[in-house]
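**Student:** One structure, as structure tokens, below. Some questions next.
Since every read-out is calculated from the coordinates, none of them should be taken as a lab result. Computed from a prediction, not measured in an experiment: that's the story for all the values here. Here the Cβ positions follow ideal geometry from the backbone for every residue, glycine too, while neighbour counts run over all protein chains shown.
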Amino acid sequence: MFDLDLGNLLWIFVGACVVNNFTLAYFLGLCPFLGVSGRIDTALRMGLANIFVLTVTSICAWFLNAFVLPHAPYLRLLCFIVVIASTVQFVEMAIKKLSPALFRALGIYLPLITTNCAILGLALFQTNRGYGFIEGIAFAWGAGAGLTLALVLMAGLREESELGEVPDALKGAAMSFLIAGILSMAFMGFAGLFSGTS
């Protein structure tokens with residue numbers, strides 16, 4: 001149940017963070033990736049909120065998969081959606097209370113974590129791969145670090161492109177999609193570095 005093979009945990013973390021990055025390799029979580037990546041500070045905070053939601057989702061998915069879903073496997077998707085929605089509501093209330101400025105900055109993208117396919121993808125990937133409790137946490141942290149890395153890289157490049165001379169045809173959404181494509185191709189280069197990753 002609690003596997004502490006550090007080498008395996010490191011492979012799972014690095015695999016989810018870099019090699020099989022949810023956003024840049026699987027194209028999950030594109031709403032916040034394109035919507036909240038205008039500024040680095042906002043992108044970083046959104047990434048941290050995602051890490052928290054991913055971690056709680058991983059714990060709940062493991063618990064449900066170990067104790068509830070063997071008796072009712074047809075409720076798997078429904079259970080995961082309920083867990084994700086309630087976790088996001090908790091995060092939204094906490095951010096609204098602790099940092100109203102961040103709450104306003106994240107805007108509509110904070111409730112969109114509920115429908116963020118990366119969160120549901122984590123729960124489904126984790127259970128399909130048969131990860132134990134500790135492996136699931138490593139997978140959630142790796143996926144969250146990967147989402148945060150993608151958000152911060154995108155935000156930094158978008159901020160930099162605003163300062164440079166960009167042709168009119170590439171301003172705005174066109175530049176965002178161009179940067180996203182280049183980042184995705186760059187992360188594809190990691191695929192050959194690790195074999196047997198998450």
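**Student:** Kindly provide the helix-only [θ] at 222 nm of the chain, computed as the sum of -39,500 (n - 2.57) over DSSP H runs of four or more divided by all residues, to the nearest 500 deg cm²/dmol?
**Tutor:** The per-residue figure over the chain is -21500 deg cm²/dmol.
**Student:** Still on this structure: Would you kindly derive the ³J(HN,Hα) couplings of segment 167-180 from the backbone phi angles with the Karplus curve 6.51 cos²θ - 1.76 cosθ + 1.60 (θ = phi - 60°), listing them in order in whole Hz, with x for Gly and Pro?
**Tutor:** Here the 3J(HN,Hα) series is x, 4, 5, 9, 6, x, 5, 4, 5, 4, 5, 5, 5, 4 Hz.
**Student:** I've got another one for you. Would you work out the relative contact order for the chain, in percent, from Cα pairs under 8 angstrom that are 6 or more residues apart?
**Tutor:** 45 percent
**Student:** Here is a further query. How big is the charge dipole of segment 12-188 about its Cα centre, in debye rounded to the nearest 20, if each Lys and Arg gets +1 on its Cβ and each Asp and Glu gets -1 on its Cβ?
**Tutor:** 460 debye
**Student:** Set Lys and Arg Cβ to +1 and Asp and Glu Cβ to -1, take the dipole of the chain about its Cα centre, and tell me which of GLY130, PHE33, ILE113 lies farthest positive.
**Tutor:** Among GLY130, PHE33, ILE113, the one farthest towards the positive end of the dipole of the chain is ILE113.
**Student:** Given the options ALA43, ASN21, MET93, identify the residue whose Cα lies farthest towards the positive end of the charge dipole of the chain (+1 on Cβ of Lys, Arg; -1 on Cβ of Asp, Glu).
**Tutor:** Farthest along the dipole direction, towards plus: MET93.
**Student:** In whole Hz, with x marking every Gly and Pro, tabulate ³J(HN,Hα) for segment 49-65 from phi via Karplus 6.51 cos²θ - 1.76 cosθ + 1.60, θ = phi - 60°.
**Tutor:** Once rounded to whole Hz, the list reads 4, 5, 4, 4, 5, 5, 5, 5, 4, 4, 4, 5, 5, 5, 4, 4, 5.
**Student:** Does anything in segment 34-67 have its amide N under 17 Å from the 7 Å Cα→Cβ label point of SER86, and if so which residues?
**Tutor:** 53-67
**Student:** Using only Cα atoms, what is the ratio of the radius of gyration of the chain to 2.2 N^0.38 Å?
**Tutor:** So the chain has a normalised radius of gyration of 1.06.
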